[in-house]
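The values are calculated or read from the model by the stated rules, or taken from the named source; none is laboratory data. Please read these numbers as outputs of a predicted model, since none were measured by experiment. Neighbour counts are summed over all protein chains in view; Cβ atoms, including those assigned to glycine, are modelled from backbone coordinates with ideal geometry. Side chains are part of the model used for accessible areas, which takes the heavy atoms of the whole protein and leaves out ligands, DNA and RNA. Shrake-Rupley method; radii C 1.70, N 1.55, O 1.52, S 1.80 Å.
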Amino acid sequence: MTHDHDLVLRPTAAQTEAALNPPPGRTGGDLVVESLAALGATTVFGLPGQHALAVFDALRRSDLRYVGLRVENNAGFAADAYGRITGEAAPLLLSTGPGALTSLAALQEARAASAPVLAICSQVPTAGLGGGRHGHLHELPDQAASFRGVVKSVHTARTQSQIPSAIAEAWTSALTVPHGPVWVEIPQDVLLAETPVPVVSGGDTFPEELPPRPELTAVAADLLTRAERPAIVAGGGVVRADAAKKLRQLAERLQAPVVTTYGGKGAFPWTHPLSLQSWLEDRHTTDFLEDTDVLLVVGSGLGELSSNYHTFTPRGRVIQIEADLGKLEANHPALGIHADARLALQALLETVGERTDPAAPERVSGVLDKVRDRIAAQDLTLEQDVLAAVRNALPTRAPSFWDMTILAYWAWSAFDAKAPNTMHSAQGAGGLGYAFPAALGAAAADPTHPVLAVSGDGGALYSVAELATARQYGLNVTWLIVDDGGYGILREYMTDAFGQPTATDLPGPDFVALAESFGVPGVRTSPETLETDLAKALAVPGPSVVVLPAVLRTFAPTHTE
């Protein structure tokens, strides 16, 4: 019997000709670019640096589209979003030392959110490797060591012949579930030298699938079929696996209420009779989930935010489907199923029985009524009106990217994402400055929809340099900046904990004037005119900035009660 993986792909006549007669003047940098093109990459992000110039010179001779940002960390956020939107590995080109290290926060977010990013970085010349102190520019004793605890895998190429395979291995790793960022580094002299290696033409890679073990799904199906009060927690793994339809089919067959995590926004229809929406930081939702006799957790590790700050204590059986082995039963004992969410849900659909529970929608609406009553008692009309204005102004299929800011905390719980894979935030690692550069990456991935970025003024200051990027490439991103004169959420936290805040007030720029100085249209709005102003900005192609001066408050937490 011949298996597909036993087949040897024979080169075409054109590939043979290119191999035998490669164009002159090619370098190791060309091998990097050719390898990416052969693997199917079309767009790369990054920032040039002295040791990586050979790669950028090779880009000039290629058909790859280059989107250059002004700060390496922002380039990493852009690549992260490109990977989330397309499901492809997003190449990120970096230079040695300070340039590489500046990307660490973005790569941490990509790892936490399982975004496929292929970071390719230069290194000092080969003679400077090995941990000695040779005094090369940007030298680190062990550059890769700075990334091993952040990325999914590290790959090195120390000769030109190693480059195509190292990049292909990294590509495969990035796209094997759970997706994540990977690291490739190549010395400067290897990139600069003229190469005798033939033109890279073969690039097929086969990321491994992660099917569930059948004996485990059989037990899970039996538990769910016989459950009296089942429920489902749907996490980001459902979105990444493109499994929202299968999730809905299973929930309806089981008549099981569904709550989506903040990373799983859009995985289940917001207004569905079985939808508990995303009110995970609410004790009424926590109580409901604790009262289930069988809780199916799909694509979530039930971490801090998804467990109402670890106050969630299940009393029934937990079934956890998770592609990241490290998250399996990390927080609660469970029937752990190490699998891709899509494949596991399909297996359950093939084996689970059908339940009837006409009271399930009534129980769901009862929880949501309690949540609404709790919020209504806190005098938070302004915050709810602002969030509603954003939702009304944003087209249904338009993606949105949210920084760590008070309006985003509201959005995690109260924003209807409308569709899977349209709402993204930095809640994976929780760093500032994510929204705007990530939105630029999404706009590069799909120019057919406007993209919204939402930041506070504190987070916006991390990203203002990318207004130049947005203008240079004409990227269709509208940036909503909620200006409350500082780090608003930290101001709240410190006031609650210590009675008064310190180091949280920030005298900032005139963001409208700043945007216009970059050639980007800007408008100052108000809560009353936000919906109209934001809709107008989103309707006009190209970048724009909408500034909302407002002090918003978060709703009271329940995990401290």
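So the values come out like this:
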quantity	calculated
Scan of the stretch 50-71 for residues that are farther than 18 Å from ALA37 by Cα, in a loop (DSSP other than H, G, I, E, B), open to solvent by 10 Å² or more (accessible area, probe 1.4 Å) and not charged (D, E, K, R), ordered by number	VAL71
Any hit, the stretch 110-122, residues being crowded, with 19+ Cβ neighbours inside 10 Å, out of contact with any helix residue (DSSP H, G or I) (no Cβ under 7 Å at 6 or more places or on another chain) and assigned to a loop (DSSP other than H, G, I, E, B)	no
When residues of the stretch 433-466 are limited to those that are of a type in the set (A, V, I, L, M) and under 18 Å from VAL117 (Cβ atoms), the one most open to solvent (accessible area, probe 1.4 Å)	ALA445
Some residue of the stretch 217-228 being out of contact with any Phe, Trp or Tyr (no Cβ under 6 Å at 6 or more places or on another chain) and in a strand (DSSP E or B)	no
Residues of the stretch 167-208 satisfying the condition of being open to solvent by less than 20 Å² (accessible area, probe 1.4 Å) and within 16 Å of ALA54 (Cβ to Cβ)	ILE167, VAL184, GLU185, ILE186, PRO187, VAL190, LEU191, THR195
Residue ID - farthest from THR529 (Cα to Cα), chosen from residues in the stretch 375-408 that are surrounded by fewer than 23 Cβ atoms within 10 Å (Cβ to Cβ) and among the hydroxyl-bearing types (Ser, Thr, Tyr)	THR396
Residues of the stretch 476-511 satisfying the condition of being buried (at least 19 other Cβ atoms within 10 Å of the Cβ), without any contact (Cβ under 8 Å) to a residue 40 or more places away in the chain and not hydroxyl-bearing (Ser, Thr, Tyr)	GLY486, ARG491
Selected residue (criterion: surrounded by the most Cβ atoms within 10 Å (Cβ to Cβ)) from residues of the stretch 123-165 that are aliphatic (A, V, I, L, M) and over 20 Å from PRO91 (Cβ atoms)	VAL124
Filtered residues of the stretch 522-545 (kept if surrounded by 16 or more Cβ atoms within 10 Å (Cβ to Cβ) and assigned to a loop (DSSP other than H, G, I, E, B))	THR525, PRO527, GLY542, PRO543
Selection from the stretch 173-216 of residues that are over 22 Å from LEU39 (Cβ atoms), part of a loop (DSSP other than H, G, I, E, B) and either under 31 Å from the mean Cα position of the chain (by Cα) or of a type in the set (D, E, K, R) (or both)	PRO211, PRO212, ARG213
